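Contents: one structure, followed by commentary.
Every number here is computed from the coordinates shown, using simple stated rules; none is lab data. Quick caveat: nothing in here was measured; it's all calculated off a predicted structure. For neighbour counting, all protein chains shown are included, and Cβ atoms are generated from backbone atoms with ideal geometry for every residue, glycine included.
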Amino acid sequence: MQLSAETMVCNYGASVSMSDNANMDFSTILASSIHDMKNSLGVVLSSLDELVHGLGDALPPAQLAKLQWEAKRVNDNLVQLLALYKMENQGVALNVDEYFVYDFLEEVLVSEKAVLKTRNIELELQCERDLAWYFDRELIAGVLKNAIGNALRYARTKVLITAGEEDHYLVLSVNDDGKGFNYRLLADGLQNAHGVDFSSGNTGLGLYFTSRVAKLHKNKDRRGSIQLSNGQALGGACFSIKLP
Amino acid sequence: MGVDLASKSYLVIDDFADMRSMLRSMLVAYGVTNIEMAGNGKDAIKMLAKKTYDVVLCDYNLGEGKDGQQLLEEGKDKGLIPYSTAFLMITAENTMEMVMGAVEYLPDDYLSKPFNKDMLRSRLEKVIVRKDDLHGIVKLLKQERIEDALALCDDKIAQNPRNLTELLKLKAEVLIRSGRYTDAGAIYESVLAKRDAPWAMLGLGKVYYYSQEYAEAKAVFQKIIDGNKTHMEAYDWLAKTAVALGDQKQALEVLAAATVISPKSIVRQMELGNLAFKEKEFGIATKAFKKAVNVGCNSIYQTPSNYTKLAKMLSKTSGKEALAFLSKLRSDYGRDDQANLHAAIAESMVLKDLGRESEAQKAFADANKLYEKCSDGVANDTAMEMANACLMNGDKDRGLVMLQSLVKNNHQDEKLLARVQDVFGSVGLEAEGQEMIETAIREVVNLNNKGTQLAKSGRLDEAISLFEKAVRNMPDNSTINMNIANVLMMYLKANGKNDNYLYRVRQHLERVQRHDPGNENYRKLNDAYEKLMAS
């Protein structure tokens, strides 16, 4: 089998038992099915990656780009659902350590690279190289993937990611040059983060997950938070997460 | 970043052929040519034994046999994975639940699937840069040059480098290792003044623990767990602290909770099993040892006594199951004399319990034969078991001699003495046992005092020959070994250095370290020895 170098290493057929307990409740069954779906999607995503890479510099056909985009969206959603399941059922498992923010962001972006190529959007990262901060690497990566996914969806030409220290908080922002968040979301989005709006396709999962993760991050008596605004650096939407 | 990945040598370990070739193709894309691959833990260990790789990429899940963590533990334990080797663990899930080895057995980083070649590259580069920077300090630590290592830490810290946190972490660990708890505590406190960093909390908790401020230690470990329910190391320390506070019940609860979250850690299951056994919670103990036997069959932490403890507990309720675990012991260990010895001893006792007298006698005879065969390297536990079997099977004299020698070799080890007393108790010889233990201890103490007196009055030659004679009788006794090392060094200071005596000092110190790790006086003597070597 000839494998392309752009291949994603994914989870091959590893079955993961969620619990030793024979009396599984419904949420456990949900969680283990999500796991299984995620495994399948991993295979789909890596095959799509190979296809896109096989095209060289040529832009992939629209259907392929759409496939890749939607598959990734589903995958990121499943990751968030699993993380939420764990928070609900296994208690807080925040794995906080110190990381270099630039290195971390670079890694997050690398995993988005395949999608960027199909969208023809410029992505810029502004962050000081030596800035280090404490956070849960996996959870904050999930938050950023969600925010970047949204930004890519609405951006016209550019997405800007900034990171810096403000008033003893680390502020990570994702800006785009699209039309901005709608006013309803800005007005009550954070309070009704799990309100479902089927017409727009926004289930609120992303925001719910994101604000849960932000609040879990604590230092001394300060907590993390998120902020949505319009008209910042690129004129479009701006998502920010503040970590103490 | 200036890391030359292409010229390094790689070992890829994964049970799926597709995964191996994917990883290979990623490495090839960086220009790597030196790649070898293994499909299971056993092959990987063989390859690691033949060659030192610069980078090991290992999947946590390796199917049947060892998992990635067990492989890492074995490789480190056998010295096959030196510090210079970067070890990356590839995990299926984005959780750290598999993090459960001791600190020295952690991989250099985890990489969770899915990832692509750019992510792998970026992780590899970072790990290598990080390790290179600390290599000098680690080398000094390997040579036990603690002061030099600390000085090098300070040099680097003074330059306020990018990896300052990492250096502080390392320095504080070294300080703890050398017993300077106050200095270590100061580092942790200074970090914690600004930030509830879990690593610093854990360190501070350890400092409290070692300084015997158990209530403070308990509060710190509890706080870590409140913030992260999967911080397994904090559970282990909390349990240890609870034991120190005399709250065995809480220790049991903590360990039980930890084994639910991370059931695959054999060490934790063993801790739980032993503690539960002591507390007469035989249900919990049985379950824990069953887990230990079942999850740990490929682990370096596995020991035959997990099987025999389990068998002895089961013999009260299910003789058949007890004997089945002892056959499993034999089959898991193959032709290992020590393991067969354990099995035979336990069989003789289980069969006796079951009233199968003649079979018990036969097993006891087997045990005797094997014991003679491996009498050189028998651990205390094994010796105690054998003594117990002797007493149970009517060979009282032999049992007594063995227990006496155990007491003499460990006259200050309260735990061991208590267990010897238990053995006497279990065969109805409390009074006799008590007297034997007291006599043996008195004998050692008298000898020690005599030798110390001689040394104090400057009769070093006589002191040396007295201690040398004593140590032949009780080769593992840490007090005697330390005293003789001390007197030898006094002699060397008075009469000038000679290689033979220096070698003997080293030997006695090594015995202490092997037999009684963590002995407080050992560190002081070792420092004195280092100074003497350097002078």
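Figures for the structure shown
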read-out	value
The protein assembly as shown: Cα Rg divided by the 2.2 N^0.38 Å rule of thumb	1.10
Overall form of region A:19-150 per C-alpha gyration tensor (a/c, 1.5; a/b vs b/c)	oblate
Cα lying deepest toward the dipole's positive end in chain B, options B:Leu329, B:Phe221, B:Met47, charges on Cβ	B:Met47
Gain on full stretching of the segment that runs from A:Met37 to A:Lys113 - 0.36 nm per residue minus C-alpha separation	25.1 nm
Relative exposure of B:Trp237, A:Trp133, judged by other C-beta atoms within 10 Å (fewest first)	A:Trp133, B:Trp237
Protection proxy ranking of B:192-200, A:119-127, B:258-266 - average other beta-carbon atoms within 10 Å, highest first	B:258-266, B:192-200, A:119-127
Debye, to nearest 20: dipole size of region A:51-131, +1 on Lys, Arg Cβ, -1 on Asp, Glu Cβ	580
Simple spin-label estimate for B:Ser318 and A:Glu88 in nanometres, 7 Å along Cα-Cβ	3.6
Listed residues A:Gly149, A:Ala62, A:Tyr102: farthest to the positive end of the dipole of region A:62-181 (Cβ charges)	A:Ala62
Cβ-derived FRET efficiency at R0 51 Å, B:Thr52 paired with B:Arg356, nearest 0.05	0.45
Subset of B:Lys287/B:Lys415; B:Lys291/B:Lys396; B:Lys264/B:Lys328; A:Lys215/B:Lys113 violating a 30 Å alpha-carbon distance limit	B:Lys291/B:Lys396
Anisotropy class of chain B from Cα gyration tensor, a/c 1.5 cut	oblate
Under 19 Å from the A:Arg153 label point (7 Å along Cα→beta-carbon), backbone N, region A:68-103	A:68-84
B:Lys194 versus B:Asp381: modelled label distance in nm, points set 7 Å from Cα along the beta carbon direction	4.5
Where trypsin sites (Lys or Arg not before Pro) fall in DSSP loop in region B:45-76, at most 12 other Cβ within 10 Å	B:Lys51
Label-point gap, in nm, between B:Asp337 and B:Asp132 - each point 7 angstrom along Cα→Cβ	4.9
Stretchable slack from B:Glu414 to B:Asp77, in nm (0.36 nm times residue separation minus alpha-carbon distance)	118.4 nm
Where GluC sites (Glu not before Pro) fall in DSSP loop in region B:23-95, at most 13 other Cβ within 10 Å	B:Glu64
